[in-house]
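The values are calculated or read from the model by the stated rules, or taken from the named source; none is laboratory data. Here the structure is a predicted model, which means the values were calculated and not measured. Cβ: placed from backbone, ideal geometry, glycine included. Neighbour counts: every protein chain shown.
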């Protein structure tokens, strides 16, 4: 197969163009994927910390009731264990 210099240049530039376009598209997709993953991770982190904060704030607001219930369960367990 005999190729002249023009055809070789065309093939070389075509391959180079495919590599450059593929690299650009790959970088864009990687950036988008990273942004989506980190955004979702940030959302999950915020949701989890909000939920933990709500649990602790509820527990702190109702600490007397929780303490009384815990003491009641403890006394009930002691009573049932001696029985």
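Structure notes:
- Residue satisfying condition, being touching a helix residue (DSSP H, G or I) at 6+ places or on another chain (Cβ under 9 Å) and surrounded by 10 or more Cβ atoms within 10 Å (Cβ to Cβ), within set 28, 66, 15, 11: 66
- The C-beta contact set for segment 37-60 (first residue modelled with pLDDT under 90, second residue assigned to a helix (DSSP H, G or I) and surrounded by 10 or more Cβ atoms within 10 Å (Cβ to Cβ), distance under 9 angstrom, 6+ apart or interchain) comprises 59/66.
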